[in-house]
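Student: Quick one: structure below, then a few questions.
Here, each number is a calculation from the coordinates, and none is a lab measurement. What you see is a predicted model; the values in this text were computed from it and never measured. Don't worry about glycine lacking a Cβ; one is built from the backbone with ideal geometry, like all the others, and counts go over all protein chains shown.
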Amino acid sequence: MYSEFYNVELDRIRYSLVWEDSNTLYKALDIRPADHLLIITSAGCNVLNALLKAPAQITAIDLNPVQNRLLLLKKHLILHYEYPVFRALLGLDGAASVRKTWQQVAPTLPEDMLRYWTPFFQNHPNGLLAAGKLETYLHIFYHTLSKQLKEKLQKLITFDKVTEQYDFFLNELHLTPFQQQFTDYFDEANLSKGRDPKLFKYAEESGGATFYKRLVAQVASVPVKQNFFFRFFFFGPTNIPPHLLPPCYQEQHYEQLRQQLHKLKVVNAEAIDYLLSEEGRQLNKVSLSNIFEYTSPEEFEHVYHKLFSDPNRNLRMVFWNLLQEQGAGLPSDPWLNSSLSEALTATDACFYFRNVRVQANSFSAVKG
């Protein structure tokens, strides 16, 4: 598949967190023990989350070999160290814990890992979860706010009732300098500091104003106190209650995850090309993150039909839209489960995305 990702430098971690909610992934794919999955690696979170459902095998795939390196480091840590080490290097306990733990772990790593990750931790003292190009950019925003606005934003994660939370937001943050600063900081020009400008080629919406509308909608509908992505977006990886973390980063699932890692295969390649290969035909469930964001509508339609028009193939897929709505322009779409897609869009935990789409060769395969 032709993607604008071929035109950007793939020499660093672009995403250190997977922003696609694991609950949405679980409901979209209905992972079963016989399943063979393909999942975009990104930061590896949803690869690890899917392993907790104990499928037959997961292939993690990414065009960016550095994203795969990140997943392989996490795999090594899970297999060879106890949970406090893993948690510390993620950055969940702050920079001091990252530094102390890395000093303990570094001498025990294989030589190739030590050589690669030593300069990384020197340059990213806040740990793995905060190190991506996107995440570094996001986390600067909070520090651009005045002390008063910081306090009000922090106040948002203290409410138990959505009505009280939303009233506070409307009275104290909406139509104040916070709105303008948010919109300006996340507009298309500035957003390129977190994502390469080439990746916006097909975007239908602007960044700042669009993301602010989605933020308002989330504050009006769910308690952000209990939302991992809201807290991480604004405040970073520290001080997040353990039960709000993605399942793969919770201590209660650590041993289970360790027992499932032998089912993981990591591939440096383009996901659609791999799916259409002979080896890829063995896969039956697929999570493609938002990779169609970086293709033209014509390329998407071409690829979509190649994936689903084969009646002999059993395939179920989920992907997320960000600033364009891939698939909306199709005159007919016999493979889309619109009711499930709409339901998951309404409940997806991250306000960042536009919508979720779930497809399968037949509706009976999707209803799961």
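Student: What distance in nm lies between label points placed 7 Å from Cα along the C-beta direction at Glu111 and Lys161?
Tutor: It works out to 6.5 nm between the two label points.
Student: Of Lys27/Lys306; Lys74/Lys213; Lys53/Lys263, which pairs sit farther than 23 Å apart, going by alpha carbon to alpha carbon?
Tutor: Too far apart for the 23 Å limit: Lys27/Lys306; Lys74/Lys213.
Student: Also, quick follow-up: Quick check on the exposure proxy: order His243, His124 from fewest to most C-beta atoms within 10 angstrom. Let's see the in-between values first.
Tutor: Working: His243 9, His124 21.
Ordered from fewest to most neighbouring Cβ atoms within 10 Å, His243, His124 come out as His243, His124.
Student: Further question: With a point put 7 Å past each Cα toward its Cβ, work out how far Thr176 is from Ala346 in nm, to one decimal.
Tutor: Between Thr176 and Ala346, the label points sit 3.2 nm apart.
Student: How do Arg69, Arg32 line up, fewest other C-beta atoms within 10 Å first?
Tutor: On the way: Arg69 21, Arg32 13.
Ranked by crowding around the Cβ, least crowded first: Arg32, Arg69.
Student: Asp184 to Thr118: extension gain in nm, 0.36 nm per residue of separation minus the Cα-Cα distance?
Tutor: Length difference between fully extended and current span is 20.2 nm.
Student: Using Cβ counts within 10 Å as a stand-in for footprinting exposure, how do Met317, Met1 rank, fewest first?
Tutor: Exposure proxy ranking, most exposed first: Met1, Met317.
Student: With +1 assigned to the C-beta of every Lys and Arg and -1 to the C-beta of every Asp and Glu, and no other charges, what is the dipole magnitude of the chain about the Cα centre in debye, to the nearest 20?
Tutor: Computed charge dipole of the chain: roughly 940 debye.
Student: Note down the nm distance, to one decimal, between modelled labels 7 Å out along Cα→Cβ at Leu276 and at Glu298.
Tutor: Reported label-point gap for Leu276 and Glu298 is 1.5 nm.
Student: Along the charge dipole of the chain, Cβ charges K/R +1 and D/E -1, which of Ala130, Thr101, Ser338 sits furthest on the positive end?
Tutor: Result: Thr101, furthest along the dipole toward the positive end.
Student: Any idea what Rg and Dmax come out to for the chain if you just take the C-alpha atoms, in Å?
Tutor: Expressed in Å, the Cα Rg and Dmax of the chain come to 20.2, 60.
Student: Same structure again: For the chain, build the charge dipole from Cβ charges (+1 Lys, Arg; -1 Asp, Glu) around the Cα centre, then report which of Ser277, Pro33, Gly327 sits farthest towards its positive end.
Tutor: About the Cα centre, the residue reaching furthest to the positive side is Pro33.
Student: What's the extension gain from Ser221 to Ala34 if we count 0.36 nm per residue and subtract their Cα-Cα distance?
Tutor: 63.7 nm
Student: Can you figure out the FRET efficiency of Glu251 with Leu330, using R₀ = 45 Å and their beta-carbon distance, to the nearest 0.05? Don't skip to the answer; put the middle values down first.
Tutor: Values: r = 44 Å, r/R0 = 0.98.
Given R0 = 45 Å and the Cβ-Cβ separation, E is 0.55.
Student: Please report the antiparallel percentage of DSSP beta bridges with both residues in the chain, rounded to the nearest 5.
Tutor: 30 percent
Student: Could you compute the FRET efficiency for Asp310 and Leu261, with r as their C-beta to C-beta distance and R0 at 41 Å, rounded to 0.05?
Tutor: With R0 = 41 Å, the Cβ-Cβ based efficiency is 0.80.
Student: GNM on the chain, C-alpha springs below 10 Å: top fluctuator among Gln326, Gln104, Gln57?
Tutor: Maximum fluctuation in the GNM of the chain, among the listed residues, is at Gln104.
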